[in-house]
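Peer 1: Before we start, here is the structure in question, set down as structure tokens.
The values are calculated or read from the model by the stated rules, or taken from the named source; none is laboratory data. Note that this is a predicted model, so its numbers are computed, not measured. FYI the Cβ positions are ideal-geometry reconstructions off the backbone, even for glycines, and counts take in every protein chain you see. Heads up: the accessible areas ignore ligands, DNA and RNA and are worked out on the full protein's heavy atoms, side chains in. Shrake-Rupley method; radii C 1.70, N 1.55, O 1.52, S 1.80 Å.
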Amino acid sequence: MADGSVRLAQEARERAYSTPLDQFQVADAELFRTDTHWPWFERLRREDPVHHTAESPYGPYWSVTRYHDIVAVDGAHQVFSSDSEIGGITIAGGNEPRERTSFISLDPPAHDAQRKVVAPMFTSASINAMEPLIRERAGRILDELPVGETFDFVDKVAIELTSQMLATLFDFPFEERRLLPRCSDLLLAFDVNATPEQEMQRQSEMFVTLTRFTELWNQRAASAPSNDLISMLAHGDATRHDNDPYRYIGNLVLLIVAGSDTTRHSITGGLIALNRNPDAYARLRANPELLVSAVPEIIRWQSPVAHMRRTALEDAEIGGKKIRKGDKVVMWYVSGNRDEDAIPDPDAFVIDRERPRQHVAFGFGVHRCLGQRLAEMQLRVVWEEMLKRFSFIEITGEPERMRNNFVKGYLSLPARVVA
Ligand code: HEM
């Protein structure tokens, strides 16, 4: 870490341990932009693991910060709801009509019926079939990188790779593939502090993007079913929502956001983790088979989804705290993944952990990530191809992080490849 970052981390630690607990604001997006959220969550895990914030820009909410409490909340969908009509899945979520949402913001049974429509895309057989194309496309991107020159790793590698993967899943026009991450960026750019003009601008660009998706949807709906996600949704009994654009776009956007940002930030996070741990990088280079356990470790270390939110449907108890019906409950995966009661030496980056999949980065329960195997395959393939080509990808400056408490990721990262 550069000197400035070390100083910032020390100051954050002092502040986190001197601020009274009733003034904690762990959802402050600035903590994520500056990567200084760690000591705040550490103190909550130690002193008040299920913590209530009475006032915040998001209203009152509970923070669940320990691994086992997160698993308990995520596993109890009958008590802790994802329903968009009563709040949805993000701390900022409001009340949105159920029919305009996607299955991540629905409870069973509606959730299960819609999830089932796209599940065939994520079976082992389907993922194995995709691997050669993803490998070939990854190789092409990497072969075009300028050796010895600084470039933006986020733009040239992470976004490009995930755009190509999504274009493959959706059978999306390849030359328009950058619309996919753009759609995700626009959605995540929602900011409670934005001016009305900024919000208008965001909405109008979003409209143009969604119009293009709608055209594609209509084309696929009018054609025979094919093996891509748009066609699956357009023909699925539980998802096709004839003639109502509000109803179908939700699932499409879910798959774009879920598949785009998470993998993108894990690819970038992996490079940062390996640059900070050069011994691990050298071991991987010598033995790429270690990627089997290094990939889930990268995902745990990065935790690209910082939180998921639920709303209590009835009075309940978590970790000895009384939760009231209607309360907003935020599961901080980013914190659960650093809980030393569940993960040995959780702040260390260890590429050969005994139980590398012991983490909550993919959630738990009925909403557990559908794209887990696909994401792990993509990360493994990308790293296999990078290790084959370059002795080192060196980070040459500080990452620019997103100002976002939901998706924990990067806007840019200067890097240079060493042949
Ligand atoms: C490292 C990469 C990824 C991470 C860390 C990640 C993480 C997550 C998390 C935390 C959830 C919510 C789980 C819960 O509420 O319990 C989720 C749900 C979901 N993810 Fe992922 N995800 C990743 C990649 C992907 C990819 C590549 C796709 C597909 C293209 C995808 C599709 C989905 C879908 C469809 C859901 C909703 C599942 C449901 O509600 O039943 N994810 N993911």
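Peer 1: Considering only protein heavy atoms and a probe of 1.4 Å, how much of the accessible area of the chain is carbon and sulfur, as a whole percent?
Peer 2: That fraction is 51 percent.
Peer 1: Once you sort the root eigenvalues of the Cα gyration tensor of the range 348-419 as a ≥ b ≥ c, which label holds: rounded (a/c under 1.5), prolate (a/b larger than b/c) or oblate (the other case)? Numbers along the way, then the final one.
Peer 2: Values: a/c = 2.06, a/b = 1.36, b/c = 1.52.
Cα axes put the range 348-419 in the oblate bin.
Peer 1: Moving on. Report the Rg/Rh value for the range 112-192, based on alpha-carbon coordinates and the Kirkwood definition of Rh.
Peer 2: Taking Rg over the Kirkwood Rh, I get 1.05.
Peer 1: Still on this structure, I have one more. Any idea of the accessible area per residue across the range 147-257, 1.4 Å probe, to the nearest Å²? Show your work: numbers first, answer last.
Peer 2: Working: 5340 Å² over 111 residues.
Value for the range 147-257: 48 Å² per residue.
Peer 1: What is the distance in Å between the Cα centroid of the range 385-404 and that of the range 39-73?
Peer 2: About 32 Å separates the Cα centre of the range 385-404 from the one of the range 39-73.
Peer 1: In the Gaussian network model of the chain, springs joining C-alpha atoms below 10 Å, which of G397, G75, G236 carries the largest mean-square fluctuation?
Peer 2: G397
Peer 1: Once a ≥ b ≥ c are taken as the square roots of the eigenvalues of the Cα gyration tensor of the range 1-41, is the result rounded (a/c under 1.5), prolate (a/b larger than b/c) or oblate (a/b not larger than b/c)?
Peer 2: The shape class here is oblate.
Peer 1: What does the extension gain come out to for H235 and E55, with contour length at 0.36 nm per residue minus their alpha carbon separation?
Peer 2: That works out to 60.3 nm of additional length.
Peer 1: Where only protein heavy atoms count, and the probe is 1.4 Å, what is the accessible area per residue for the range 300-405 in Å²?
Peer 2: 40 Å²
Peer 1: Here is a follow-up. Evaluate the relative contact order of the chain (contact order divided by residue number), counting alpha-carbon pairs under 8 angstrom at least 6 apart; express in whole percent.
Peer 2: 25 percent
Peer 1: Determine the shape class of the range 47-123: with a ≥ b ≥ c the square roots of the Cα gyration tensor eigenvalues, call it rounded for a/c under 1.5, and otherwise prolate if a/b is greater than b/c, oblate otherwise.
Peer 2: Note, shape of the range 47-123 comes out oblate.
Peer 1: Another question, then. Ranked highest first by the average count of other Cβ atoms within 10 Å around their residues, in what order do 219-227, 253-261, 133-141, 319-327 fall?
Peer 2: Ranked by mean Cβ neighbours within 10 Å, highest first: 253-261, 133-141, 319-327, 219-227.
Peer 1: Per the Kirkwood treatment, what hydrodynamic radius in Å, one decimal, follows for the chain from the mean inverse distance over all distinct Cα pairs? If you can, show how the numbers build up before the last one.
Peer 2: Working: mean 1/r = 0.0451 Å⁻¹.
Taking every pair of different Cα atoms in the chain, averaging 1/r and inverting gives 22.2 Å.
Peer 1: Kindly provide the helix-only [θ] at 222 nm of the chain, computed as the sum of -39,500 (n - 2.57) over DSSP H runs of four or more divided by all residues, to the nearest 500 deg cm²/dmol?
Peer 2: The per-residue figure over the chain is -15000 deg cm²/dmol.
Peer 1: Do the alpha carbons of any pairs in K116/K408; K156/K328; K116/K156; K321/K408; K116/K328 sit beyond 32 Å of each other, and which pairs? Numbers along the way, then the final one.
Peer 2: Details: K116/K408 28 Å; K156/K328 38 Å; K116/K156 34 Å; K321/K408 28 Å; K116/K328 28 Å.
K156/K328; K116/K156, as the Cα separations exceed 32 Å there.
Peer 1: Going by average Cβ density within 10 Å per residue, which order do the peptides 342-355, 8-21 take, highest to lowest?
Peer 2: Numbers: 342-355: 15.3, 8-21: 13.0.
So the order, starting with the most tightly packed, is 342-355, 8-21.
Peer 1: Given an 8 Å cut-off on Cα distances and at least 6 residues of separation, report the relative contact order of the range 199-355 as a percent. Provide the component values of the computation, followed by the final result.
Peer 2: Working: 138 pairs, mean separation 25.1, N = 157.
Normalised by residue count, the contact order of the range 199-355 is 16 percent.
Peer 1: Next up: Rounded to the nearest whole Å², what accessible area per residue is found for the range 1-109 with the 1.4 Å probe?
Peer 2: 47 Å²
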